[in-house]
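Accompanying notes for the structure given below.
Each reported figure results from applying straightforward, stated rules to the coordinates on display, with no laboratory input. Quick caveat: nothing in here was measured; it's all calculated off a predicted structure. Don't worry about glycine lacking a Cβ; one is built from the backbone with ideal geometry, like all the others, and counts go over all protein chains shown.
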Amino acid sequence: MKIFPAEISIFASSPAEQKAAQLFSMEWEARTGVSPESASFEDDAHFVFCTDSSIDNKDTFIIDETEMGFCIKATTIRGIIFGYSLFLRKTTFMGERICLTQPINGTHSPQKKLRGHQIGYRTTPNTYDAWDYDQYFRYQLDMMAFGANIIEHNGSHGKGEFRNRLMKYEQEEFLIEASRLADEVDMDVSIWHANDDHQTVEEALQEREQLYSKMQRLDYCFIPGGDPGNLQADAFIERCKLISRIYKKHHPHGEMHISAQAPHQHHDWGEIFIKELESQPKEFDCVIMGPNHAYPIHQLREKIPACYPMRFYPDITHNLRCEYPVNFRQDDWHFAFCNTLSRESVNPRPTELRTLYRIFAPYTIGGVSYSEGVHDDLNKAVWSVLEWDKDADLREAILDYARFFIYGVDEEELADIIFLLEKSWQGDPVENPCIDIVHLKLCALLQENPKLYDNWRFMLLYFRGCCDKIVKTRRLTDNYACSKALNALECCNASSALEILEAPYDKNYYKLRNEIDTTAEHLFNLIGIQLDVEHYCADGWERGATLDTIDNNVSDRAFLISKLKAAKNLSSDEQKTFISTLINRNKTDTDEVHYSVALHNLDTLGVKQNGEFYMDIQGDRPYTKETPLPMSMTKIYDHFTFEARFGGFLPDCDYTLTVVYKDNADESLTEHTVSANGHIIYKGAPFGGENNKDFDKIALTEGFRSASYTLPAAVFNNGALELCISEPVKGVNICELWIKRKTR
């Protein structure tokens, strides 16, 4: 492969070429410590940058090999940046050895038209609001390095605008300058601009006229139907038509993209939206598929007129309570990680995102991802690579990421670590050896290469590795303590059980916990990521504030402590009943069932749930610090139907079905139904059945309640049971259930 000296020269003549040369020189000097020289003639240069108007579009670039290096041709500076970035992605910088790893000659064109990421300047993100213009521009170039051609910002709202102590600019001021900075490198600008339900049409149009007229560049305008927004679809469409006219008055070549994201309160929103599009309004250029969608993507494509292409708005930033949670095909991310790493922790998910891309890509002309911070930085690079080439080699994409951003370190080892980080989130942490391997490898790399301490991308990986390690360590310790405590309770020794449960962790645990705090502070100083609310100004506990959730419960330890303390004030007989209920809470005979969404996951139910359900995670929420949950209650299945298949029941026996619901009954509803093998066991207002308040007080926590129903022997089919619990308007919220032999 081609080897380069540290001292190189660049030939560039036009202003665009010279700007590209300046940017490339900064990249080269960062890797080598040597600033490139300007060549007077093409033949004397290692790199020749050339703008060529004959190339068919701005995203295509051509790389020709020369005697000394390469000539990179493109229509504008955009393509030249794509070209030199490809060179840097394929080049290793190991000390004085600079080596291209594979051929890069030829014409390079993307497969998708739209390839970008939303990095809005507002209080919600856990990183971007801390940045200045230079950091935004740097990150813009970083996204372009992997083929992104769109940067999306968030539109301002005069009435609801808010500025936290980290933000250096007013939002409108920022948007105007950000538009100009993007135009410097010919990067397309999109604006996500939600409707404010408290604004009149006149106010909305006036606000947009004022902003759009000042933005130097605005190629796309994205208006979500909901999330946020509560307008019914016909009112939404009419307002979007008016906004489109204002927008295109100032940016006549811009495109208006409307998103089929449905407000929850309008159950017929999707139908009305489709009906409004049947007349093919000329004000719109594209329809977006995003979170809280009105229809799954294949149905949406079938329903909207063919004249409207579709754009994807993938959520690559959230881990839970979102459209594509970790392990989205099963939605079975282990509760220990849900509780502690929560919604926006550092989350490289390369293989899972490839699966997501393969599902959705055939329907779209590309997409602009939703992001709330740099915790998903690797995901952005992977998504951009796939938008450029759907068949891109995933490992090569990760190697590119390592070579481009964490240069000077063995990229193969870094790629392995990144893939192992994704696998660290598979299953119960106590059963996952990847966690220990990753932590050891990251610690060793940092010790061998102290310069990595100032590379925020590496330190993000290191932070995640430490977080995974402490979750596993605490769960191992807690599980052992819970086991010993339950043994003590079996011997009616509640005081001994409490002493076991309240024992502190060892010094190595606290050393690792301190390292997490230290690394979080360092990352805030490096890149502005806000890993807690108090010290670093995170917008809220689920907005990447990992330090605020990392100590959350990963076992029943805290739940048992709270219950045993409550039992101290009971009489001797009451205490015995209380402790017996605790000990036997999850125990069943071989012909009985205990099922928990959190403990057992949906794939053990023997049937795939019908339609799109929502997993409402509870274990990371602040209330669980004061009111600890048993781990079996940390996930709530939220959907219109819950279906399950169970077997092994004894013949000629009646059973009792006990279901734990979130206690949010709406007594106006009348269709809450429980059926067994097609036989209706209960139908009426939520939740029906019998409620055992004593059981709820001991075995559950506030905000939940149980309901018990009789399952007569006649409803079983040779010991088999198909169970269905449903409610057609607001759905059912279930976290666990028992099926036990009925006492006679």
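Dipole magnitude for region 457-501: about 420 debye, using +1 per Lys or Arg Cβ and -1 per Asp or Glu Cβ, origin at the Cα centre. Projected onto its three principal axes, the C-alpha set of region 81-203 covers 59, 32, 22 Å, listed from the longest axis down. Distance distribution P(r), the chain, all Cα-Cα pairs, bin width 10 angstrom from 0: 3, 13, 21, 23, 19, 12, 6, 3, 1, 0 percent.
Once the Cα atoms are used to define both axes, helix 233-250 deviates from the longest principal axis of the chain by about 20 degrees. For the chain, the share of DSSP beta bridges that are antiparallel, to the nearest 5, is 60%. Ordered by the count of other Cβ atoms within 10 Å of each Cβ, fewest first, 1, 68, 459 give 1, 68, 459. Dipole check for the chain: with +1 at the C-beta of Lys and Arg, -1 at the C-beta of Asp and Glu, and the Cα centre as origin, the magnitude is about 1440 Debye. Entry note, region 392-546: relative contact order of 16 percent, from Cα contacts under 8 Å with a spacing of 6+ residues. Placing R0 at 35 angstrom, the Cβ-Cβ distance between residue 714 and residue 666 gives a FRET efficiency of 0.65 after rounding to 0.05.
Could you compute the FRET efficiency for residue 394 and residue 577, with r as their C-beta to C-beta distance and R0 at 60 Å, rounded to 0.05?
The value I calculate is 0.60.
Listing 244, 495, 572 from the residue with the fewest other Cβ atoms within 10 Å to the one with the most, what is the order? Exposure proxy ranking, most exposed first: 572, 495, 244. Of 629, 657, 597, which is farthest towards the positive pole of region 587-741's charge dipole, taken about the Cα centre with +1 and -1 on the beta-carbons of Lys, Arg and Asp, Glu respectively? Selected residue: 629.
Anisotropy class assigned to region 358-488 is oblate, per the alpha carbon gyration tensor with a/c at or over the 1.5 cut-off and a/b no larger than b/c. Summing charges over neighbours of residue 137, with a neighbour being any other residue whose Cβ is under 13 Å away from its Cβ, gives -3 when K and R count +1 and D and E count -1. Here the simple spin-label model places points 7 Å from the Cα toward Cβ, and for residue 101 and residue 496 these points are separated by 5.8 nm. Simple rule: put +1 on each Lys or Arg Cβ and -1 on each Asp or Glu Cβ in the chain, find the dipole, and look at 266, 190, 606; the Cα lying farthest toward the positive end is 606. Note: relative contact order over the chain, using C-alpha pairs below 8 Å and six or more positions apart, is 10 percent.
Shown is the FRET efficiency for residue 626 and residue 729, computed with R0 = 51 Å from the Cβ-Cβ distance and rounded to the nearest 0.05: 0.95.
Pairwise alpha-carbon distances in region 241-375 exceed 26 Å for 33% of all pairs. Electrostatic bookkeeping for residue 655 treats Lys and Arg as +1 and Asp and Glu as -1; over the other residues with beta carbon under 10 Å from its beta carbon, the sum is 0. For region 331-395 and region 211-277, write down the distance between their C-alpha centroids in whole Å. Cα centroid of region 331-395 versus Cα centroid of region 211-277: 26 Å apart. Taking the empirical scaling 2.2 N^0.38 Å for compact globular proteins as reference, region 524-563 has a Cα radius of gyration ratio of 1.51. With 0.36 nm allotted per residue and the present C-alpha distance subtracted, the residue 694-residue 742 stretch has 15.5 nm of extension available. State whether region 640-744 is rounded, prolate or oblate according to the following rule on the C-alpha gyration tensor (a ≥ b ≥ c being the square roots of its eigenvalues): a/c under 1.5 gives rounded; otherwise a/b larger than b/c gives prolate, and the remaining case gives oblate. Verdict is oblate for region 640-744.
For residue 208, the shell of other residues with beta-carbons less than 12 Å away shows a net charge of -1, using +1 for Lys and Arg and -1 for Asp and Glu. With contacts taken as Cα pairs under 8 Å at a separation of at least 6 residues, region 587-741 carries a relative contact order of 36 percent. Compute the longest continuous run of the chain that contains no exposed GluC sites (Glu not before Pro); treat a site as exposed when its DSSP state is not H, G, I, E or B and it has at most 14 other Cβ atoms within 10 Å. Maximal segment without exposed cleavage sites: 279-501.
Kirkwood hydrodynamic radius of region 3-108, from the reciprocal of the average inverse Cα-Cα distance over all distinct pairs: 13.6 Å.
Taking the chain as the reference, fit the longest principal axis to its C-alpha atoms, fit the long axis of helix 411-423 to the helix C-alpha atoms, and give the angle between the two in degrees, 0 to 90, nearest 10. Tilt of helix 411-423: around 30 degrees. Our note on the geometry: Cα centres of region 95-137 and region 45-73, 20 Å apart. Ordering 9, 68, 105 by the projection of their Cα atoms onto the charge dipole of region 3-108, which places +1 on the Cβ of Lys and Arg and -1 on the Cβ of Asp and Glu, puts 105 at the extreme positive end.
Need one number: the % of Cα-Cα pairs in region 418-564 sitting beyond the 18 Å mark. Could the numbers behind the result be given before it?
Values: 6746 of 10731 pairs.
Value for region 418-564: 63 percent of Cα pairs lie more than 18 Å apart.
What's the longest piece of the chain with no exposed chymotrypsin sites (Phe, Trp or Tyr not before Pro), counting a site as exposed if DSSP puts it in a loop and it has at most 11 other beta carbons within 10 Å? In the chain, the maximal stretch lacking such sites is 163-744.
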